[in-house]
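Trainee: Attaching a single structure in structure tokens format; questions to follow.
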Amino acid sequence: MKRRMLMAAVVLLAGVGIAGVGTASLAAQSSTTPRTPWGDPDLQGLWTNTTTTPMERPDDLSDRETLSSEELAARDVEVAEAVSFDNISRSNVGAYNEFWVERGALIAQTSLVVDPPDGQLPLLTEQAQRRSEQFMARWLAPPASWEDMNLYDRCITRGLPGAMIPGFYNHNYLILQTPDHVVVQVEMIHDARIIPLAGRRQAQSGIPQWLGQSQGRWEGDTLVVETAGFAAKGEQRTSLGGFFLTFSGGPGSRLVERFTRLPDGTLDYRFTVTDPTIDTREWTAAIPMRPYEEPLFEYACHEGNYAMPNILAGARADEAGAAGRQER
């Protein structure tokens, strides 16, 4: 839920560089691309990637990469009704109602994952699957401590690429540029990404970080950002109703993102994840970003996180009650 106070400043932090490759089809120079005063493509402004299009392609569209405009219009209504938080029942008491969410609408793509071509995330390796199952078992059970909660519950981060994947609210972004840095301020959980550009490669700290260590460069009109150096404790994938609460890489992860401003004023944003310790193959998602008309506001997650102490207190109360019944 939005806890809104107008953001007054973005603080620049440091990043570390890694080399990589770009996408030629989106990197060609264009005379129509808006430019900064120093000549780089101008990506600055407020953007949103809200959409109800899922990460993975639904089973009933398994052979379809895109929808026609007629199909899109009809399916958009069906999906909006299906995912609505107003759908409550005895078995589903709900959380927020739809007033508080910013879902966006379907896009023509049938999934945000565009490679593999079937629109599905690749299988996890056996080791990663085992780690995931172990954590999910702890997460779905009464928590013994805060370490059994996911990073999103703890107001730490949604990780990368999680912070750049849409869900049901606050998936809005402010991009700022200088000649040697690009800043991406994420409204959800107030993540700030400070990306040094070529020529401003930072000295390696050797300290892994929640969002890794990024280095950017221009390939034609495309900003290419490569990130590695993720903290091992950040490796986590948890989902709820098809929405990834956290989606974060581990020490072996390498993320390559590409931002390209298109003639219609939107951003073509896509990323490729490579991690042989987690995924059985690399994969790519494409998530269009549109101009956003409202300002970003503070997401005061820690300040309003009453759930954390109450969940833990409730679990301890249940344990005490069970112990008392056993004694009787």
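The values are calculated or read from the model by the stated rules, or taken from the named source; none is laboratory data. Everything quoted here is computed from the prediction, not taken from an experiment. Cβ sites come from the backbone with ideal geometry, for glycine too, and all protein chains shown count toward neighbours. What goes into the accessible areas is simple: the full protein's heavy atoms, side chains included, and nothing from ligands, DNA or RNA. Shrake-Rupley method; radii C 1.70, N 1.55, O 1.52, S 1.80 Å.
Trainee: Taking into account only those residues within the range 125-154 that are open to solvent by 60 Å² or more (accessible area, probe 1.4 Å) and among the acidic types (D, E), which is nearest to V186 (Cα to Cα)?
Mentor: Of everything passing the filter in the range 125-154, E147 is nearest to V186 (Cα to Cα).
Trainee: Cβ-Cβ below 8 Å, separation at least six or inter-chain, first residue in the range 58-85 and over 10 Å from A108 (Cα atoms), second of a type in the set (K, R): which pairs?
Mentor: Once the first residue is over 10 Å from A108 (Cα atoms) and sits in the range 58-85, its partners that are of a type in the set (K, R) give R64/R57; A80/R103; V83/R103.
Trainee: (1) open to solvent by 30 Å² or more (accessible area, probe 1.4 Å); (2) in contact with an Asp or Glu (Cβ under 8 Å, 6 or more places away or on another chain): which one isn't true of T157, the others all being true?
Mentor: (1) is the only condition that T157 fails.
Trainee: Confirm whether E65 is over 28 Å from A228 (Cβ atoms), at pLDDT 85 or above and loosely packed, with under 11 Cβ neighbours inside 10 Å.
Mentor: No; evaluated as a whole, the condition is false for this residue.
Trainee: Out of (1) open to solvent by less than 30 Å² (accessible area, probe 1.4 Å); (2) over 26 Å from G104 (Cα atoms), the odd one out for P116 is which?
Mentor: P116 satisfies every listed condition except (2).
Trainee: I've got another one for you. Take the range 70-129 and flag every residue that is closer than 18 Å to P54 by Cβ and of a type in the set (S, T, N, Q).
Mentor: The answer is S84, N87, Q109, T110, S111, Q120.
Trainee: Are any residues in the range 82-101 among the charged types (D, E, K, R) and either at pLDDT 85 or above or under 12 Å from Y169 (Cβ atoms) (or both), and if so, which ones?
Mentor: D86, E98
Trainee: With the structure loaded, tell me whether Y152 is hydroxyl-bearing (S, T, Y), touching a residue at least 40 places away in the same chain (Cβ under 8 Å) and part of a loop (DSSP other than H, G, I, E, B) or whether it fails that test. Lay out the reasoning, then the answer.
Mentor: Numbers: hydroxyl-bearing (S, T, Y): yes; touching a residue at least 40 places away in the same chain (Cβ under 8 Å): yes; part of a loop (DSSP other than H, G, I, E, B): yes.
In short, yes.
Trainee: Going by what's in this entry, would L223 be described as under 30 Å from Q127 (Cα atoms), surrounded by 22 or more Cβ atoms within 10 Å (Cβ to Cβ) and modelled with pLDDT of 95 or more?
Mentor: Criteria not met by L223.
Trainee: Assess whether L174 counts as being within 26 Å of F85 (Cα to Cα), aliphatic (A, V, I, L, M) and out of contact with any helix residue (DSSP H, G or I) (no Cβ under 8 Å at 6 or more places or on another chain).
Mentor: Values: within 26 Å of F85 (Cα to Cα): no; aliphatic (A, V, I, L, M): yes; out of contact with any helix residue (DSSP H, G or I) (no Cβ under 8 Å at 6 or more places or on another chain): yes.
Judged against the criteria, L174 is not a match.
Trainee: Could I ask something else about it? Is it fair to say L240 is open to solvent by less than 40 Å² (accessible area, probe 1.4 Å) and of a type in the set (A, V, I, L, M)?
Mentor: Numbers: open to solvent by less than 40 Å² (accessible area, probe 1.4 Å): no; of a type in the set (A, V, I, L, M): yes.
No, not satisfied.
Trainee: Could you please find all residues in the range 14-58 being modelled with pLDDT of 50 or more and open to solvent by less than 20 Å² (accessible area, probe 1.4 Å)?
Mentor: Of everything in the range 14-58, those that are modelled with pLDDT of 50 or more and open to solvent by less than 20 Å² (accessible area, probe 1.4 Å) turn out to be T33, T36, P41, L43, W47, T48, N49, T50, T51, T53, M55, R57.
Trainee: A further question on this structure: Just to verify a result, which residue in the range 270-284, among those that are touching a Pro at 6+ places or on another chain (Cβ under 7 Å) and open to solvent by less than 60 Å² (accessible area, probe 1.4 Å), is farthest from A128 (Cα to Cα)?
Mentor: The selected residue is F271.
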